[in-house]
Amino acid sequence: MVQRFDVHERFAEGAQYLAGELRDGSSGRSQQVVDPATGEQVFSYRLASTADVDTAVRAAADAFPGWAGATPGERSNALHRFAAVLGERAGELAYAESLQCGKPVKLSEEFDVPGSVDNAAFFAGAARHLEGRSAGEYSPGHTSVVRREPIGVVGSIAPWNYPLQMAAWKVLPAIAAGNTIVLKPAEITPLTSLMFAQAATEAGIPDGVLNIVSGAGREAGEHLAAHPDVAMTSFTGSTAVGKRVAEIATSTVKRLHLELGGKAPFVVFDDADLEAAVHGAVAGALINSGQDCTAATRAYVQRPLYDAFVSGVADLMATVRLGDPFDPATDLGPLVSHTQRDRVAGFVERARSYATVVTGGEAPQGDLAKGAYYRPTLITGAAQDSEAVQQEIFGPVLVVLPFDSDDEGIALANDTPYGLAASAWSRDVYRTGRASREIKAGCVWVNDHIPILSEMPHGGYKASGFGKDMSAYSFEDYTQVKHVMYDNTGAARKDWHRTVFGDRA
């Protein structure tokens, strides 16, 4: 059940979390958190400056030796307590997430919060299973051991579409592996990241292991990515900004982890269950008001099913209920801001010149007019090279195109710069098997679209970035591998010394 609270009172000390304490930002500039359902301000705080970033990095660096030196069991126990505290605060987390993002509370309660709690529980167990190769003799007279060690201070930058889950995805594998972290959430949605950090402190995770800087990207974010004491940068967001982050981070030759944009294809073959495909497409396109980098955005439907699919999607979209995010009956909330709503509307308005807007394509009037709402939108007749098909709209918009042969459907699915996620719909296991092999994406669902699991990796191909969130595979990004070789002979002179000393060896 949602538990409401006074946001100003909860964060009266400020929106920076440094070495276990809430503090005010020192940039001298204020930032408003706005309820996108009403357009009303719910919180105002002072943004972080570069000096605040320096303080956060210093706190993380100071905490690193102790946390990295803790045993896997000690870190695991702390993360188990962390998962328990998050579970106890589930109602407040759901309220804050829906308030700052506008997402329906049923999404926060049933997806965002339990998913984040489960992530914490998963990494509590995974902390005990950091893999290294067993000792072995791979050359005469030596034993080799592979160690997997933490990297150091991680600087992470998270987006505004899933603030709580993105905090979990970035923080948990990093600290489970023994790193410490400075997280910069999107400045318009800092609330649940701060609550996440407070829960970590309550669970007994040492001060400085997790720090939050709520600041602007061009100041706090770029300074964090460039910081010489940050050993790794992890960024989730658009591909365009990801390129800028990579440019900055590589100037100090640090580890880089990028989860970038997506334009997920939804491929429907002519033997698919039509009803399942229609429902999957609408749910997959509208999750979180379409503000999901894995959302179904391009539906390719084999021609025998195309007309029925378009008709079915249009009819089902018309039943989706827009409304107050805190009303359990609401299916679709507003977009995160009026700026984002206007960006989505711009894509749709431009599409009218080259395609057909079958349904939606407008902001609602009446009681919802003050919010950043946009109706579920279906577009047909767009060319494959049009911006509606090629660019990430990040709103409740689905574009549907027909295809003839299986070869064509798979080729069209691969025909964008992105490769984060995709789905294939068919009753034929050989068709879906081929699609899962040949579609270039980090995740391919078969007869479903969107579900994620803590145990399974999430990350992309191509312009969707590299590196994995969730799962034990994430440790490959948040650890470094060290080879240690022991001499087993005790001999002062080794055979290979002849390469230097010749007959004097």
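Looking at (1) touching a residue at least 12 places away in the same chain (Cβ under 8 Å); (2) within 15 Å of the chain's Cα centre (by Cα); (3) not assigned by TED's automatic domain parsing to the domain that holds Arg244, which is the one condition that is false for Pro451?
Pro451 satisfies every listed condition except (1).
State the number of residues belonging to the range 246-289 that are over 26 Å from Ile410 (Cβ atoms) and either touching a Leu at 6+ places or on another chain (Cβ under 7 Å) or of a type in the set (Ser, Thr, Tyr) (or both).
The number of residues fulfilling the criteria is 7.
Between Gly125, Gly102, Gly141, Gly152, which is surrounded by 14 or more Cβ atoms within 10 Å (Cβ to Cβ), closer than 30 Å to Phe394 by Cα and touching a residue at least 40 places away in the same chain (Cβ under 8 Å)?
Details: Gly125 fails: closer than 30 Å to Phe394 by Cα; Gly141 fails: closer than 30 Å to Phe394 by Cα; Gly152 fails: closer than 30 Å to Phe394 by Cα.
It is Gly102.
Can you confirm whether Asp315 is surrounded by fewer than 19 Cβ atoms within 10 Å (Cβ to Cβ) and either touching a strand residue (DSSP E or B) at 6+ places or on another chain (Cβ under 9 Å) or not in a loop (DSSP other than H, G, I, E, B) (or both)?
So Asp315 passes the test.
Which condition from (1) assigned to a loop (DSSP other than H, G, I, E, B); (2) closer than 16 Å to Phe64 by Cα; (3) in contact with a Gly (Cβ under 9 Å, 6 or more places away or on another chain) is the one that Ile181 breaks?
With respect to (1) assigned to a loop (DSSP other than H, G, I, E, B); (2) closer than 16 Å to Phe64 by Cα; (3) in contact with a Gly (Cβ under 9 Å, 6 or more places away or on another chain), Ile181 is out only on (1).
Among the numbered criteria (1) modelled with pLDDT under 95; (2) in the same structural domain as Pro114 (by TED's automatic domain parsing), which one does Tyr478 miss?
Checking Tyr478 against (1) modelled with pLDDT under 95; (2) in the same structural domain as Pro114 (by TED's automatic domain parsing), the one that fails is (1).
Kindly establish whether Ile205 is among the aliphatic types (A, V, I, L, M) and either part of a strand (DSSP E or B) or modelled with pLDDT under 95 (or both). Quick ask: steps written out before the conclusion?
Working: among the aliphatic types (A, V, I, L, M): yes; either part of a strand (DSSP E or B) or modelled with pLDDT under 95 (or both): no.
Judged against the criteria, Ile205 is not a match.
Check whether at least one residue in the range 388-409 is assigned by TED's automatic domain parsing to the domain that holds Val301, farther than 25 Å from Pro304 by Cβ and in a helix (DSSP H, G or I), and report yes or no.
Checking the range 388-409: at least one residue is assigned by TED's automatic domain parsing to the domain that holds Val301, farther than 25 Å from Pro304 by Cβ and in a helix (DSSP H, G or I).
Looking at the range 320-338, can you tell me whether even one residue there is touching a His at 6+ places or on another chain (Cβ under 6 Å) and assigned by TED's automatic domain parsing to the domain that holds Val357?
Checking the range 320-338: not a single residue is touching a His at 6+ places or on another chain (Cβ under 6 Å) and assigned by TED's automatic domain parsing to the domain that holds Val357.
Only one of these is more than 14 Å from Gly460 (Cβ to Cβ) and either surrounded by fewer than 23 Cβ atoms within 10 Å (Cβ to Cβ) or modelled with pLDDT under 95 (or both): Val282, Val267, Val245, Val278. Name it.
Just one listed residue meets the conditions, Val245.
Of the residues Ala158, Ala197, Ala203, Ala177, which single one is under 16 Å from Asp469 (Cα atoms), more than 14 Å from the chain's Cα centre (by Cα) and in contact (Cβ under 8 Å) with a residue 60 or more places away in the chain?
Checking each option against the conditions leaves just Ala177.
Does the range 324-366 hold any residues that are small (Gly, Ala, Ser) and either modelled with pLDDT of 95 or more or touching a Leu at 6+ places or on another chain (Cβ under 7 Å) (or both), and which are they?
Taking the range 324-366 and keeping what is small (Gly, Ala, Ser), we get 329, 333, 337, 345-346, 351, 353, 355, 360-361, 363, 366.
Those that are small (Gly, Ala, Ser) and either modelled with pLDDT of 95 or more or touching a Leu at 6+ places or on another chain (Cβ under 7 Å) (or both): Ala329, Gly333, Ser337, Ala345, Gly346, Ala351, Ser353, Ala355, Gly360, Gly361, Ala363.
Those residues that are surrounded by 14 or more Cβ atoms within 10 Å (Cβ to Cβ) and either assigned to a loop (DSSP other than H, G, I, E, B) or among the polar types (S, T, N, Q) (or both), I need them from the range 334-355; list them, please.
Passing the criteria: Pro334, Leu335, Val336, Ser337, Gln340, Ala355.
Which residues, counting only those in the range 68-91, are closer than 28 Å to Gly221 by Cα and either more than 25 Å from the chain's Cα centre (by Cα) or surrounded by fewer than 19 Cβ atoms within 10 Å (Cβ to Cβ) (or both)?
Ala68
Among the numbered criteria (1) closer than 30 Å to Val310 by Cα; (2) of a type in the set (S, T, N, Q); (3) more than 26 Å from the chain's Cα centre (by Cα), which one does Asn414 miss?
(3)
Could you check how many residues of the range 442-485 are closer than 20 Å to Gly242 by Cα, among the polar types (S, T, N, Q) and not in a loop (DSSP other than H, G, I, E, B)?
The qualifying residues number 1.
Can you pull out every residue in the range 448-485 that is under 28 Å from Glu275 (Cβ atoms) and surrounded by fewer than 16 Cβ atoms within 10 Å (Cβ to Cβ)?
Asp448, Pro451, Leu453, Met456
Kindly provide the set of residues from the range 161-204 that are surrounded by fewer than 24 Cβ atoms within 10 Å (Cβ to Cβ), farther than 19 Å from Val7 by Cα and hydrophobic (A, V, I, L, M, F, W, C), ordered by number.
Ala203
The values are calculated or read from the model by the stated rules, or taken from the named source; none is laboratory data. What you see is a predicted model, and the numbers here were worked out from it, not measured in a lab. Ideal geometry is used to build each Cβ from the backbone, glycine not excepted, and the neighbour counts take in all protein chains shown.
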